[in-house]
Protein chains: 2
Amino acid sequence: MKRKVSLKDIAQQVGVSTALVSYVLNGQEKEKRVGEEIASKIREAARALNYQPNQIAKSLKSGKTHTIGLIVADIANPFSAHIARIIEDEAKRHKYNVVFGSSDENAEKAWDLMKVLLNRQIDGFIIAPAEHAEEQVRYLQEHHIPFVLIDRYFPGLPANYVALDNYKAAYEGVEHLIQKGYKHIGMINFKSGLHHLQERTRAYHQALQDFNLPAAESWCREVNEDMLKEDMDQHLQDLLLSGQPVEALFLASNKIAIHGLKFINEHKLRVPEDVAVIGFDETDAYELFYRPVTHIRQPMAEIGRAAVQALLQLIAGNPEPTQLNLAATLVVKESC
Amino acid sequence: MKRKVSLKDIAQQVGVSTALVSYVLNGQEKEKRVGEEIASKIREAARALNYQPNQIAKSLKSGKTHTIGLIVADIANPFSAHIARIIEDEAKRHKYNVVFGSSDENAEKAWDLMKVLLNRQIDGFIIAPAEHAEEQVRYLQEHHIPFVLIDRYFPGLPANYVALDNYKAAYEGVEHLIQKGYKHIGMINFKSGLHHLQERTRAYHQALQDFNLPAAESWCREVNEDMLKEDMDQHLQDLLLSGQPVEALFLASNKIAIHGLKFINEHKLRVPEDVAVIGFDETDAYELFYRPVTHIRQPMAEIGRAAVQALLQLIAGNPEPTQLNLAATLVVKESC
DNA sequence: ATATTAAGCTTAAACGATTAAACTATCAAG
DNA sequence: CTTGATAGTTTAATCGTTTAAGCTTAATAT
């Protein structure tokens, strides 16, 4: 790589010290009263040499990198990709960059990633924490490193977060099924200690109870992320093809829903006649399924923007707590 | 943020110079013959203080950041997200990090991004170039900045790239339709000057000609990326619902295919009876459509890995040219 | 006894920028 | 003719590392 043009080169060319060059190029010529003539010579030379400041050097001096570290749960999930993009855009609006990592729902990997990003002196974090990532959160707090959690948080561990009101969102979803007249309602969720997922299950149970509907334990199933297909097939078999199939199914995430819809296709079940479906999050699949799927949509743009804004506040030294549980939207289509 | 522990702190604690600390922590104690005792004291102190080297300072010194700049065309497209993830993983295997940007198919934005990343002293680029990005490529060449193009390249502009053999891939797709007995075959592609897209159209025409099939100009349509829905609806209306509809449709990208499938759903057309479909790239949609969609799959993992490996070669100073046109796989399902 | 070598450590410059402090020249006021 | 202010510039330290070169001290060879 051709050696880059530095302040020194400009200084030499114009015949001044690097200090002057720095002042001029940072628009401090007034405060530091740099001579008109010299100033324009410097600007001229900078342009001629196509000077590009070395951000590494700048960062070393200032301790600021104007960079946000983003750790998402699984970049292969469109949810993560979408929110990453929003965060990138919002950050860019504020002249911040984003560097990325995916923890793949693995606290260990998330920890490594955090270390790597910290060594790169990022100014703060936006993190979708994995299960068992409490220690990580505490580390950040103890070291006074600005961060905002998104999508998930740990109820026992006060921290800034921007998330969904998962209980309310799920409740409304189940309520919708109930109002449509379904009585035997099943649910599939991830088996996970993550609070935001548990809230969805809690809402499901509560809604059934509030409306005095029958609730069999066997109607609420949990699948392992790492053997999703096998688990899904097993549970769907039980729920949909057994002697007493459920009439409606609440699928508590986009990945779960995708598998569910595939299963339904494969077994030529009719939606909503054989089984009504309601999904969570977004995926092309919902619109593309032969009967577009009613689903619970998260306010992605709001989450992303609020997270960036909260983080930048923190970085600026403004410790206003941000703890948002935003509302979801029920998108009614034809699947129930 | 609490001030971080530096080499100096360790040096002070142990009572030696920073040089020794640096040697020990970089495993040069043998070459630089550091005393056994001191060395272990240094390691001890480093652990006790939880020393994390400041990568910014390291980079400033070495001129290396161990970071690859990745510019994808549109991070919202699963194609980009997927390849980004593969590149990230592969880079990580080689102890490299990846910083990201999305050009949103806009050469201007790509240029800005490149400047930003360059100022951060990334060691090299992997770029999916936007249309009209030739100047950018030339800039990189002139400045001897290591880079590898992916997915697309400019035929007139020799550069390293890892891409698909789009002509062959598309030809095989159309050939498949022909062998299935379809005679009136339409195609929808993006209106774009990008070579890789044009190759798909060229293959379509050539295949029809080679097999002596009728080819009406009006069967090959082009849509604008920025008004995709409107254009698609218009053309699909013409192709599928006119007096003389086509029997089969080659949809030349995942986004185009998704819109196409939605249209087909909305208008209750039967696949493949009313219209056979073949898609390009990957999307959940293909598996999820009520009749799983035959499609042309790109070897994502190979592309990503080859690109990283080629780039690291370049960075290491090894100027072997890499110009790969990899083969696609025809994934046969039930849509034709 | 003297030179040589090796071991074990420190010094200081360098990377590229920022910035407080010092310096010089010019001019005005007392 | 001082003194002081002002404008315009340079000097040098600093951020946290790396690393060539230099410095001791002790051991070994001649």
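The values are calculated or read from the model by the stated rules, or taken from the named source; none is laboratory data. Computed from a predicted model, the values in this text were never measured in an experiment. For neighbour counting, all protein chains shown are included, and Cβ atoms are generated from backbone atoms with ideal geometry for every residue, glycine included. For accessibility, only protein heavy atoms count, side chains too; no ligands or nucleic acids. Shrake-Rupley method; radii C 1.70, N 1.55, O 1.52, S 1.80 Å.
Brief remarks on what is shown
- Shown for chain B: the carbon plus sulfur share of the solvent-accessible area, taken with all protein chains present and a 1.4 angstrom probe, equals 48%.
- Other protein chain C-beta atoms within 10 Å of residue C-beta, averaged over B:99-106: 3.
- List of segment B:129-145 residues, accessible area with partners at least 30 Å² below that of the chain alone (1.4 Å probe): B:His143, B:His144
- Given charges at Cβ of Lys, Arg, Asp, Glu: chain B dipole, positive-most of B:Pro53, B:Ala285, B:Val72: B:Pro53
- Estimated buried accessible area (total), pair B and A, 1.4 Å, Å² to nearest 100: 4800 Å²
- In segment A:161-219, Cα pairs under 8 Å separated by at least six residues give a relative contact order of 45 percent.
- Considering only B:Gly156, B:Gly317, B:Gly35, the mean-square fluctuation computed in a Gaussian network model of chain B, springs between alpha carbons under 10 angstrom, is largest for B:Gly35.
- Note that the protein assembly as shown presents 45 Å² accessible area per residue, ligands and nucleic acids not counted, probe 1.4 Å.
- Were the residues from A:Lys64 through A:Arg47 laid out at 0.36 nm apart, the gain over their Cα-Cα distance would be 3.6 nm.
- Helices in chain B, meaning DSSP H runs of at least 4 residues, each add -39500 (n - 2.57). Divided by all residues, the mean residue ellipticity at 222 nm is -14000 deg cm²/dmol.
- Percentage relative contact order, segment A:212-336, counting C-alpha pairs under 8 Å, at least six apart: 22 percent
- Segment A:260-276 - phi-based ³J(HN,Hα) in whole Hz, Karplus 6.51/-1.76/1.60, Gly and Pro as x: x, 5, 4, 4, 4, 4, 4, 9, 6, 7, 9, 10, x, 4, 6, 8, 7
- Per the Debye calculation on segment A:7-53 with a single equal scatterer at every Cα and no solvent contribution, log₁₀ I(q)/I(0) for q = 0.16, 0.21 Å⁻¹ amounts to -0.33, -0.57.
- Local net charge near A:His267, Cβ-Cβ under 14 Å (Lys/Arg +1, Asp/Glu -1): -2
- Chain B: relative contact order in percent, alpha carbon pairs under 8 Å with at least 6 residues between: 16 percent
- Each copy carries a label point for A:Asp226 at 7 Å from Cα along the beta-carbon vector; from one copy to the others these points are 4.7 nm apart, nearest first.
- Within-9-Å neighbourhood charge of B:Leu326 [Cβ basis; K, R +1; D, E -1]: -2
- Residues of segment A:18-59 that bury at least 10 Å² of accessible area when the other protein chains are present, relative to the chain alone (probe 1.4 Å, heavy atoms, ligands and nucleic acids excluded): A:Asn50, A:Gln52, A:Pro53, A:Asn54, A:Gln55, A:Ile56, A:Ala57, A:Ser59.
- For segment A:118-240, a simple Cβ point-charge model (Lys and Arg +1, Asp and Glu -1, everything else neutral) yields a dipole of about 280 debye relative to the Cα centre.
- B:His195 sits among other residues whose Cβ lies under 13 Å from its own Cβ, and their net charge, with Lys and Arg +1 and Asp and Glu -1, is -2.
- Calculated on the Cα set of segment B:166-297, radius of gyration then Dmax: 13.2, 35 Å.
- Percent of Cα pairs exceeding the 35 Å cut-off, where the set is the protein assembly as shown: 52 percent
- Rounded to the nearest 20 debye, dipole of chain B from Cβ charges on Lys, Arg, Asp, Glu: 1920 debye
- Within segment B:166-297: Cβ-based charge dipole about Cα centre, in debye rounded to nearest 20 (Lys, Arg +1; Asp, Glu -1): 240 debye
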